[in-house]
Amino acid sequence: MAHSINSDCVSCGACADACPVGAITPGDSTYVVDPEVCIDCGACEDGCPTGAISA
């Protein structure tokens, strides 16, 4: 199951930088995870300073 980003996201981009497969891109109000690309590695979760990402 792909990770998801909740409304605690401050759009800093740390998660996108941490993602090894480029599954995270800027959305309208937060970054979004493409579930078709996400490999569920958790790198984005570790890189998020606000804890806005969960599995």
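Points worth noting:
- Environment charge of residue 22, counting only residues whose C-beta is closer than 14 Å and scoring Lys/Arg +1, Asp/Glu -1: -3
- Ratio Rg/Rh, restricted to the chain and using Cα atoms, in which Rh is the Kirkwood radius: 0.89
- Stretch gain in nm, segment residue 39-residue 6, where the contour uses 0.36 nm per residue and the Cα spacing is subtracted: 10.0 nm
- Distant-in-sequence amide contacts of residue 33, defined by a placed amide H-H separation under 5 Å and a gap of 5 or more residues or a different chain, comprise 5.
Taken together, the values in this text are just the output of simple stated rules run on the coordinates, not laboratory data. These numbers were taken from a predicted model, which means no experiment stands behind them. Quick reminder, even Gly has a Cβ in these numbers, built from the backbone with ideal geometry, and neighbours come from all protein chains shown.
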